[in-house]
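Peer 1: The structure's right below; bear with me while I get my questions together.
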Amino acid sequence: MKLAFIIDPIAKLNPGHDSTVAMMEAAQALGHEVWVTEVHQLSVIDGKAWAMLSQVQLVPVTLKDGKWTSVAQWYEICSQGLRCLEDMDAVLMRKDPPVTIRYLYATYILELVDPKKTLVINSPQGLREANEKMYTLQFYSVMPETIVSLDKTVIRKFVEEKKQAVLKPLGGKAGEGILFLEPSDRNFNSIIEVSTHQGQEPVMVQRFLPEAKNGDKRIILLDGKPIGAVNRVPTGQEFRGNMAVGGRVEKTELTPREHNICEVVGPRLRQNGLYFVGIDVIGGYLTEVNVTSPTGIREIDLLDNMNLGHIVIEWLNRVCSK
Ligand SMILES: Nc1ncnc2c1ncn2[C@@H]1O[C@H](COP(=O)(O)OP(=O)(O)O)[C@@H](O)[C@H]1O
Ligand SMILES: [Mg+2]
């Protein structure tokens, strides 16, 4: 297969941590061509999606002292050119959030790729449908009590009822802008003002789950089914478990309740063409559905001696050869 990955600048990727690199390595190891491009390198020409594509050759990470280790020059660009994306067998949209206007325009360009020729993952329409925080509300039966509002009075009433809450900007990732809220906080009003940009943008406010101290579980779903999971435990003074803010990773398994969450979420993900997704579960409650560029493969591979990249690429190969 020829696979195109739409990514952030390759030099900024972290080969030992990023799932995108794990998938690119797997593709290469299984004999496929790996091409990369960026959102700003997409164009529409004659009604088709084109991209400035660079073919890359990777030096795979190796395990050293219990860590994925890469060489300094871990990738090499072999050739480059403007090509129609339909020359590829699949396009993997793996640009990191935030979902900006430029990101949205990229999804409109990807919409022009003929699905009979080239599979786009995740589906551009699905990416627009699924704001990572708001989409979770479509599965409210498995979610902790949550509101979305920009109204100080509404937010205060909710936080007074729940006693403790977590505020989340709707476009954030990796723990950015996540705040702990208590009604007695002397900065309460200020926090809401700053977070809502003076009442201009709604935020999510969710009941604080004390179980978060035991971890925030990332479950990776492929084609609506769980293929692996890792627990992220907050460290030090931090209440957030994100790896980006120092969360410690821990081996884990799925509880029956978590299997049930996957069964609730899975069919809808497939319907929306969201084939590679990372859901976050705290204390048995769904808190986030990550669809843009979910991470976790490297950590799961390490802790569970797996190769999720291979599982993803082999699945892709089956789907593309149908
Ligand atoms: N309802 C909650 N109760 C307690 N902690 C939470 C809650 N929601 C999120 N957190 C903490 O905040 C972190 C980030 O939250 P999340 O909703 O996954 O947003 P993102 O990962 O996109 O920043 C989680 O890893 C978790 O540690
Ligand atoms: Mg998260």
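The values are calculated or read from the model by the stated rules, or taken from the named source; none is laboratory data. Because the structure is a prediction, the values reported are computed rather than measured. Glycine gets a Cβ as well: all are built from the backbone with ideal geometry, and neighbour counts include every protein chain shown. Heavy atoms of the whole protein, side chains included, go into the accessibility calculation; ligands, DNA and RNA do not. Shrake-Rupley method; radii C 1.70, N 1.55, O 1.52, S 1.80 Å.
Peer 1: Rounded to whole Å and ordered largest first, report the semi-axes of the equivalent ellipsoid of segment 2-128 derived from its Cα gyration tensor (root of 5λ).
Peer 2: Over the Cα atoms of segment 2-128, the ellipsoid semi-axes are 26, 16, 13 Å.
Peer 1: Another question, then. When ranked by the protection proxy of mean other Cβ atoms within 10 Å per residue, highest first, what sequence do the peptides 233-243, 73-83 form?
Peer 2: Ranking the peptides 233-243, 73-83 by packing returns 233-243, 73-83.
Peer 1: Pull out a ≥ b ≥ c, the square roots of the eigenvalues of the alpha-carbon gyration tensor of segment 145-208, then state rounded if a/c is under 1.5, prolate if not and a/b is larger than b/c, and oblate in the remaining case.
Peer 2: Rounded, since a/c falls under 1.5.
Peer 1: Which order do the peptides 217-229, 308-320 come out in when sorted by mean C-beta neighbours inside 10 angstrom, highest first?
Peer 2: Answer by packing, highest mean first, reads 217-229, 308-320.
Peer 1: Carbon and sulfur: what percent of the chain's accessible surface (1.4 Å probe)?
Peer 2: On the chain, the fraction of accessible area on carbon and sulfur atoms equals 50 percent.
Peer 1: How big is the accessible area of Glu299 in square angstrom, nearest 10, if you roll a 1.4 angstrom probe over the protein chains?
Peer 2: 20
Peer 1: I've got another one for you. In whole Hz, what ³J(HN,Hα) sequence does segment 129-138 give by Karplus (6.51, -1.76, 1.60; θ = phi - 60°), x for Gly and Pro?
Peer 2: Rounded to whole hertz, the list is 5, 10, 4, 4, 8, 5, 4, 4, 5, 6.
Peer 1: Output ³J(HN,Hα) for segment 238-247: one whole-Hz value per residue in order, computed from phi by the Karplus curve 6.51 cos²θ - 1.76 cosθ + 1.60 with θ = phi - 60°, and x for Gly and Pro.
Peer 2: Computed from phi, the couplings for segment 238-247 are 7, 8, 8, x, 3, 4, 5, 10, x, x Hz.
Peer 1: Roughly how many Å is it from the Cα centre of segment 206-254 to that of segment 22-40, as a whole number?
Peer 2: Cα centroid to Cα centroid, the span is 27 Å.
Peer 1: What FRET efficiency do you get for Trp315 and Asp8 if R0 is 25 Å and r is their Cβ-Cβ distance, rounded to the nearest 0.05?
Peer 2: Efficiency computed from Cβ-Cβ geometry: 0.55.
Peer 1: Amide H neighbours of Leu170 under 5 Å, counting only residues 5+ apart in sequence or on other chains, H built in-plane at 1.01 Å?
Peer 2: Met204
Peer 1: If I build a Gaussian network model for the chain, linking alpha-carbon pairs within less than 10 angstrom, which residue out of Ala244, Ala130, Ala26 has the largest mean-square fluctuation?
Peer 2: Its mean-square fluctuation being the largest, the pick is Ala244.
Peer 1: Okay, next question. Only four residue types carry charge here, +1 at the Cβ of Lys and Arg and -1 at the Cβ of Asp and Glu. Report the dipole size of the chain about the Cα centre in Debye, rounded to the nearest 20.
Peer 2: 280
Peer 1: Follow-up. Could you give the accessible area per residue of the chain, probe 1.4 Å, as a whole number in Å²?
Peer 2: Averaged over the residues of the chain, the accessible area is 46 Å².
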